[in-house]
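Student: Attaching a single structure in C-alpha cells format; questions to follow.
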Amino acid sequence: MSWRNLPKVELHLHLEGGAPPAFIRGVAAEKHIDISGIFDERGNYRTGTFEHFLKVYEAATSVLTTPEDYRRLTLAVLEESAAHGVVYSEAFLSPDFCGGGDVAAWRDHLAAIEDAAKEAEARMGVTLRGIVTSVRHFGPEQARLTALCAAETAGGFLTGYGLAGAETVGRPRDYAWGFDCAREAGLRLTCHAGEWGGASMVADTLRDLRPERIGHGIGAATDPALMERIAEAGVVLEVCPGSNVYLGAVPSWEKHPIEVLRAREVKVTVSTDDPPFFGTTMTREWEMLERTFGWTEDDLRALNRVALDAAFCDEATKERIA
Ligand code: ES4
Ligand code: ZN
C-alpha cells in the first residue's frame, strides 16, 4: 500500500492561512471589498518575503469579520485538509483577527469555528482542535489580551496556546505572562521559534516560555548541544519544510535540516503552515520527503505517529483516530 492512502495528522496550520484564495475572493466580492492586489494573474496569493507574506495574510484575513465568516472559513479549510487525507488537525486561531482581543467577541467566533469543526467531523471525517496564538508583532500588551481570551475558553475544543508572527520582534521573555496565564488555565503550549531566529532563539524560547512543542525550530540544527537537549527533553518540532523553502528560510528542499534533526533523534513532525499561500498540501509535503530524502512508507508512518503522540487532544480522541 502506498503512503498516499494513510490518514495524516497535522499539528501546525494557521486557520486563515488555510483559506483557499477563491474563498477569500468570494467573501470580498460579497462585501464589495477590493483586495485584488493580493492575487496574481492566476488567482493565487501573491507573496514574496516573510514580511510581505504577513501583509498579504492580514489583507486576506481583513475580509473575515463575523463569526459566520469564520464558520465558512473553517469548513473551506477542512475540506482541503480532508481532500489530502488529513484526519486530525490542530489550527492556530487568532483572537486578534476574531474580535480584536475582546473576550465576548472571541467567544462568538470560537463557537462558530467549533460548530463548523463538528460539521466537518461528521461530513468529512476530519477532527479539528484549536490553539490560540498571540501575534508577536502586535506587541506584548495585545498578547496579554489574546492570552486572556485563550484562558477564558480553555478546555475541550481549545487545547493550546502559542505565539506566532514576526519572530524578531521583541524577546521571548516579553511574552512570558501569556504563557503563564495559559499554562495555569490548563492549556498545552507551543511557540514559533527558530524559523528565522536561529539556535539562540530556540534556546531562549525553551528557557523563558517552556513550551512542549516548537513551531519550526529548524534553527536548532546548527547547534548539536541544543539538539541533544531538545531530544532529551522530548520537545517536539512542528517542521514545515515547504513553507521554509517557499519563504527562503532554507535555500532548497535538498538543504532542509529536517534530516539533520532526525539523525540527532529530535522528534520531528511535518505540517503545511499556510498551504495555499505556499503552494503546498500535506500530500505535497510527504511527496517531497519521499522524493528528496527517500523516506519510505515506514518513515512516514513513524512521522505521523510522532505527530499523533504530540497532539494536544485527549487520549480518547487519539485512540479514535489511531
Ligand atoms: C504567522 Cl501570524 C502568522 N500567521 C500565519 N502564518 C504565520 N507564520 C508565522 N507567523
Ligand atoms: Zn506557523
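The values are calculated or read from the model by the stated rules, or taken from the named source; none is laboratory data. Computed from a prediction, not measured in an experiment: that's the story for all the values here. All Cβ positions, even for glycine, are placed from backbone atoms using ideal geometry, and neighbour counts span all protein chains on display.
Student: Looking at the range 160-171 only, could you name the residues that are surrounded by 24 or more Cβ atoms within 10 Å (Cβ to Cβ) and either under 12 Å from D208 (Cβ atoms) or touching a Leu at 6+ places or on another chain (Cβ under 8 Å) (or both)?
Tutor: Of everything in the range 160-171, those that are surrounded by 24 or more Cβ atoms within 10 Å (Cβ to Cβ) and either under 12 Å from D208 (Cβ atoms) or touching a Leu at 6+ places or on another chain (Cβ under 8 Å) (or both) turn out to be G160, Y161, G162, L163.
Student: Which condition breaks for L303 when tested against (1) in contact with a helix residue (DSSP H, G or I) (Cβ under 9 Å, 6 or more places away or on another chain); (2) touching a residue at least 40 places away in the same chain (Cβ under 8 Å); (3) closer than 20 Å to S89 by Cα; (4) buried (at least 16 other Cβ atoms within 10 Å of the Cβ)?
Tutor: Checking L303 against (1) in contact with a helix residue (DSSP H, G or I) (Cβ under 9 Å, 6 or more places away or on another chain); (2) touching a residue at least 40 places away in the same chain (Cβ under 8 Å); (3) closer than 20 Å to S89 by Cα; (4) buried (at least 16 other Cβ atoms within 10 Å of the Cβ), the one that fails is (2).
Student: Within the range 284-297, is there a residue that is farther than 18 Å from N5 by Cα, in a helix (DSSP H, G or I) and away from ligand 2 (no atom under 16 Å from the Cβ)?
Tutor: Yes, because at least one residue in the range 284-297 is farther than 18 Å from N5 by Cα, in a helix (DSSP H, G or I) and away from ligand 2 (no atom under 16 Å from the Cβ).
Student: In this structure, is T153 over 19 Å from H216 (Cα atoms), in contact with an Asp or Glu (Cβ under 7 Å, 6 or more places away or on another chain), modelled with pLDDT of 95 or more and not hydrophobic (A, V, I, L, M, F, W, C)? So that I can check it myself, show each step before the final result.
Tutor: On the way: over 19 Å from H216 (Cα atoms): yes; in contact with an Asp or Glu (Cβ under 7 Å, 6 or more places away or on another chain): no; modelled with pLDDT of 95 or more: yes; not hydrophobic (A, V, I, L, M, F, W, C): yes.
Taking the combined requirement at face value, the residue does not satisfy it.
Student: Restricted to the range 5-31, and to residues that are more than 16 Å from ligand 1 (Cβ to nearest atom) and closer than 19 Å to A307 by Cα, which residue is farthest from the chain's Cα centre (by Cα)?
Tutor: The selected residue is N5.
Student: Still on this model: Of everything in the range 50-71 that's aliphatic (A, V, I, L, M) and not in a helix (DSSP H, G or I), which residue is nearest to ligand 2 (Cβ to nearest atom)?
Tutor: L64
Student: Can you find, within the range 188-202, the residue that is nearest to ligand 2 (Cβ to nearest atom) among those that are surrounded by fewer than 24 Cβ atoms within 10 Å (Cβ to Cβ) and in contact (Cβ under 8 Å) with a residue 40 or more places away in the chain?
Tutor: W196
Student: For residues that are surrounded by fewer than 18 Cβ atoms within 10 Å (Cβ to Cβ) and part of a helix (DSSP H, G or I), scanning just the range 32-49, find the one that is farthest from ligand 1 (Cβ to nearest atom).
Tutor: Top of the filtered list is S36.
Student: Any idea which of R262, R291, R229, R213 is buried (at least 21 other Cβ atoms within 10 Å of the Cβ) and among the basic types (K, R)?
Tutor: Exactly one of R262, R291, R229, R213 is buried (at least 21 other Cβ atoms within 10 Å of the Cβ) and among the basic types (K, R), namely R213.
Student: Can you name every residue in the range 25-39 that is β-branched (V, I, T) and either within 18 Å of H52 (Cα to Cα) or within 16 Å of ligand 2 (Cβ to nearest atom) (or both)?
Tutor: Answer for the range 25-39, where residues must be β-branched (V, I, T) and either within 18 Å of H52 (Cα to Cα) or within 16 Å of ligand 2 (Cβ to nearest atom) (or both): I35, I38.
Student: Name, by its number, the condition in (1) part of a helix (DSSP H, G or I); (2) surrounded by 15 or more Cβ atoms within 10 Å (Cβ to Cβ) that does not hold for A29.
Tutor: (2)
Student: Hey, another quick one. When the range 25-44 is examined, which residues are found to be in contact with a helix residue (DSSP H, G or I) (Cβ under 7 Å, 6 or more places away or on another chain) and within 16 Å of T61 (Cβ to Cβ)?
Tutor: Once the filter is applied, which keeps residues that are in contact with a helix residue (DSSP H, G or I) (Cβ under 7 Å, 6 or more places away or on another chain) and within 16 Å of T61 (Cβ to Cβ), the range 25-44 yields V27, I35, I38, F39.
Student: A further question follows. Only residues that are away from ligand 1 (no atom under 16 Å from the Cβ) and touching a Gly at 6+ places or on another chain (Cβ under 8 Å): list them for the range 267-284, please.
Tutor: Once the filter is applied, which keeps residues that are away from ligand 1 (no atom under 16 Å from the Cβ) and touching a Gly at 6+ places or on another chain (Cβ under 8 Å), the range 267-284 yields K267, M282, T283, R284.
Student: For the range 88-103, how many residues are within 12 Å of ligand 1 (Cβ to nearest atom) and of a type in the set (D, E)?
Tutor: 1
Student: Starting from residues that are of a type in the set (G, A, S) and free of Cβ contacts under 8 Å to residues at least 12 places away in the same chain, keep the ones in the range 101-155 and report whichever is farthest from L6 (Cα to Cα).
Tutor: Filtering first and then ranking leaves A104.
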